[in-house]
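What follows is a single structure, written as structure tokens, with notes after it.
The values are calculated or read from the model by the stated rules, or taken from the named source; none is laboratory data. Since this is a predicted model, take the numbers as computed values, not measurements. Cβ sites come from the backbone with ideal geometry, for glycine too, and all protein chains shown count toward neighbours.
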Ligand code: ADP
Ligand code: MG
């Protein structure tokens with residue numbers, strides 16, 4: 001499988017498309033327990049990344065993730081901008097001198113998620129994007145230990161992301177704007193968990209297509 005930054009334009013396009021297709025639903029979620037700007041925040045970042053697509057495709061992963069992180073931090077705004085920015089900058093740091101095989105990807109992504117936890121002073125169960133990111137990181141580490149085959153890994157990553165997103169519905173928010181609502185935040189899926197899941201599933205779809213493409 002072609003597991004190189006040349007895939008980045010396609011990955012960015014796929015994420016753009018999925019956020020666009022679900023914009024109204026996600027905005028409604030963020031309006032219910034947040035301030036309703038989550039989609040426009042992400043779209044600002046995605047527009048900036050789309051403009052850099054060709055340049056990103058020419059970099060190695062370490063440089064590409066660093067650049068993506070910096071772009072997200074400056075372009076997105078909102079809590080999600082600094083959190084996603086942190087994710088990519090930390091992944092870039094962790095990726096130095098590593099080949100991109102499953103154990104390395106699991107370690108790199110986990111380092112990114114740990115940095116997001118520190119940045120947001122948050123953990124699992126607080127009704128945020130971390131309720132998607134943490135289980136996906138844990139699954140990747142488990143899959144690497146068990147040497148699970150890549151098609152199965154991708155399938156399970158998507159399932160894990162969906163389960164994580166759904167788990168936020170019954171949680172009470174203790175971080176971010178939704179935490180102001182306390183008990184009233186229960187009963188709504190968290191917008192950031194929803195977009196994390198959508199983005200992860202879009203990435204998986206591109207990678208599955210790449211994996212099954214005739215060479
Ligand atoms: P803002 O809340 O500043 O308007 P966004 O609307 O772009 O920013 O993003 C909101 C999302 O960010 C939430 O739905 C939640 O998933 C995530 N989030 C907010 N605060 C935190 C935090 N401290 N840790 C992790 N994720 C957070
Ligand atoms: Mg918001």
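For (1) touching a helix residue (DSSP H, G or I) at 6+ places or on another chain (Cβ under 6 Å); (2) modelled with pLDDT under 95, each residue gets a yes or a no:
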{"residue": "83", "(1), (2)": "yes, no"}
{"residue": "87", "(1), (2)": "yes, no"}
{"residue": "101", "(1), (2)": "no, yes"}
{"residue": "104", "(1), (2)": "no, no"}
{"residue": "108", "(1), (2)": "yes, no"}
{"residue": "112", "(1), (2)": "yes, no"}
_Given (1) farther than 23 Å from residue 19 by Cα; (2) in a helix (DSSP H, G or I); (3) in contact (Cβ under 8 Å) with a residue 40 or more places away in the chain, number of the condition residue 140 does not satisfy_ = (3)
_Just to be sure before I move on: is residue 48 more than 18 Å from residue 10 (Cα to Cα), part of a helix (DSSP H, G or I) and within 16 Å of ligand 1 (Cβ to nearest atom) in the structure I sent?_
no
*Please give the number of the condition residue 126 fails out of (1) in a loop (DSSP other than H, G, I, E, B); (2) in contact with a helix residue (DSSP H, G or I) (Cβ under 6 Å, 6 or more places away or on another chain); (3) in contact (Cβ under 8 Å) with a residue 12 or more places away in the chain.*
(2)
*Selected residue (only one of 194, 175 is crowded, with 16+ Cβ neighbours inside 10 Å and either without any contact (Cβ under 8 Å) to a residue 12 or more places away in the chain or assigned to a helix (DSSP H, G or I) (or both))*: 194
